Every structure is written in C-alpha cells, then in structure tokens.
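Derivation of every value follows stated rules applied to the coordinates shown; laboratory data play no part. Since the model is a prediction, treat every value here as computed from it, not as a measurement. With ideal geometry, Cβ positions are generated from the backbone for all residues, glycine too; neighbour counts draw on all protein chains shown.
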C-alpha cells in the first residue's frame, strides 16, 4: 500500500496521520518531481525570492482572466495534501497548521511539525530532497 493510500484510509476512518507516514507522504511527493527540484511559484519565482512564499496550489490560467482557474499542486506540502485529500479540499495559500485545522486535524502535531519543517526548508530555496531530509530529521522531536 502506498503512503497516499494508507493516509486516505486513516482519514476515512477518522484516524490521524503520524510523523512516520508524513515522511512517507513527503517521499512520494519528492519522487514525483525529483530530489533536485527547487520550488517555483506560478510566476516562475522561487519561494525565497517572493515575500508571499509558496502556494499549495497553482492556477495554470493565472495570466488569463477570461478563463476559469485550473488548479494543480504547487509546493511540497501542497502535493502531499492534494494526493491525500483531492484538489477541491485544499486552500491555495493556507499554512500547514491552518490547513490541518481546516481539514479536521488529520495530522498529529508531530506530523504537522515534520511537514512544517520540510515546508520551511523549501521556502528557504532548498531542493525538495533537502526539504525531505529536514522533515526526516525533525521526526520524533
């Protein structure tokens, strides 16, 4: 069973996702883009070059106001959330903590910290591989 499948099952059963599964979810997201990937927003800016940081979702039609938004996963945690919850339930700009609350606290505080630590590394301009390592290092603290 993939980490995403396991997380969906836990959410369906109203159980929380712990830090070990959060790391596995990050690993799946990193595998989708590659460990050397560096996040850029929908305008082509790195998170550390933009005062607003990153977005969980990107609108592919951001520059064409005549078209409806077409949302795709953006940042590292955005990929995790979309994989588990589906794109329609993810706030494009929410923080890890606010999204966890909005989604009914599916992540334990420890898992939230793992995701937050990985997100922080990404937002400093680190590769997703480095962000994953930071999340792993934070697990269990």
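Semi-axes of the equivalent ellipsoid for segment 1-94, computed as √(5λ) from the eigenvalues of its C-alpha gyration tensor and ordered from largest down, come to 26, 16, 11 Å. Considering the zone a paramagnetic label at residue 14 would reach in this model (a point 7 Å from Cα along the Cα-to-Cβ line), which residues of segment 100-121 have amide N under 18 Å from it? The answer is 101-108, whose backbone nitrogens lie closer than 18 Å to the label point. The mean sequence distance of close C-alpha pairs (under 8 Å, at least 6 residues apart), as a share of the length of the chain, puts its relative contact order at 31 percent.
The value given for segment 19-67 is a Kirkwood hydrodynamic radius of 12.8 Å, derived from the mean inverse Cα-Cα separation. Once both axes come from the Cα atoms, what is the angle between helix 19-33 and the longest principal axis of the chain, in degrees from 0 to 90, rounded to 10? That works out to roughly 30 degrees.
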